[in-house]
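S.K.: One structure, as structure tokens, below. Some questions next.
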Amino acid sequence: MLFPKPQIALLAFAIALTSSCNLEKEIELELPQYDSQLIVECYIEPGKPLSLLLTRSTGFFEPFSTDADQFLNEILVDDAQVQIEHGGQTYILQQGLYFDFETKKISNYQHPVLAPESYDQDFLLRITTADGKTATARTRLLPIVPIDSVVIDWAAADTLAMALTYLSDDPNQTNYYRRMLHESSLDSTAVQDFVVSDRIVENGRLAFGTGFMFGEGDTLFHTIFHIDRAYYEFLESVQNAVIAGTSPFGTPGKLISNIEGDAEAVGIFTGLSYDREELVIQK
């Protein structure tokens, strides 16, 4: 682009003025004081012990230990009274450190009784902290929605395959689902992990698909969780919070929780009802 001579002179003056300025300036931000909250995670899964993880949240800029034992000591909440009521029985969960080798999850409160496959009675959670504060929640197991079929479709070149998972949805009620797909083993990072509502269902049938990304001999684990609205909204809010947490200057993500009480707690208490199919891909 050609500039008339007066504009060239003005442009040169602006460049010279800018180069003489110091464009770096330190800004001190006064961040509000962060108040730690209790974080509750408790899942009722038939055939597994009643387990709960009770931790405390920390601020974005607060330092944390790189030593695993010290880190756990800093975030785990001790000396709470934890109980789950169901079917007229009250189960007192004992404090400890428990590890689920299948899911690779830990908990710090547990009762050895195995959760029943009960779909018609509520489970009630009650937590009393060492300072007398309480947190409560209520949930119920939902009936399993079975997988109708898993279909393998090969690309035109016959080198890679895609997987389609089908299930039937009850059109007379609002349903929510969590889709998880693992390759090789259940303790691997999920290839797919997302939640949906049945608003996307057409003609009462729901399909989850992948890209052409699997080869002959690969083992896939297809899992469909039938979840309630509370868990659906919690998982969505967790995903949004993770995205917001990638920047210290982003808008904080708020967790949608079904935990109530005066203990300033957030988290989720829900049942895990799911159907799972293991499939080795073959031509």
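The values are calculated or read from the model by the stated rules, or taken from the named source; none is laboratory data. Nothing here was measured: the structure is a model prediction, and the numbers come from that model. Virtual Cβ from ideal backbone geometry, glycine too; neighbours counted across all protein chains shown. Just the protein is used for accessible areas: all its heavy atoms, side chains included, with ligands, DNA and RNA removed. Shrake-Rupley method; radii C 1.70, N 1.55, O 1.52, S 1.80 Å.
S.K.: Quick check on this structure: which one of Pro143, Pro112, Pro171 is in a loop (DSSP other than H, G, I, E, B) and touching a residue at least 60 places away in the same chain (Cβ under 8 Å)?
M.R.: It is Pro143.
S.K.: Keeping to the stretch 47-103, report how many residues are modelled with pLDDT under 90 and hydrophobic (A, V, I, L, M, F, W, C).
M.R.: Residues meeting the conditions: 8.
S.K.: Could you count how many residues in the stretch 189-237 are of a type in the set (S, T, N, Q), farther than 18 Å from Ile44 by Cβ and either open to solvent by less than 40 Å² (accessible area, probe 1.4 Å) or touching a Leu at 6+ places or on another chain (Cβ under 7 Å) (or both)?
M.R.: Final tally of qualifying residues: 5.
S.K.: Let me ask something additional. So in the stretch 252-275, with the set limited to residues that are loosely packed, with under 14 Cβ neighbours inside 10 Å and closer than 22 Å to Val195 by Cβ, which one is modelled with the highest pLDDT?
M.R.: Lys254
S.K.: When the residues of the stretch 117-133 are narrowed to those that are within 24 Å of the chain's Cα centre (by Cα) and within 22 Å of Gln81 (Cα to Cα), which ends up surrounded by the most Cβ atoms within 10 Å (Cβ to Cβ)?
M.R.: Ile127
S.K.: Looking at Ala137 and the list (1) in a strand (DSSP E or B); (2) loosely packed, with under 14 Cβ neighbours inside 10 Å, which single condition is not satisfied?
M.R.: Among (1) in a strand (DSSP E or B); (2) loosely packed, with under 14 Cβ neighbours inside 10 Å, the lone unmet condition for Ala137 is (2).
S.K.: Still on this structure: Looking at the structure I just gave you, is Val242 free of Cβ contacts under 8 Å to residues at least 12 places away in the same chain and farther than 24 Å from Asp153 by Cα?
M.R.: So Val242 fits the description; yes.
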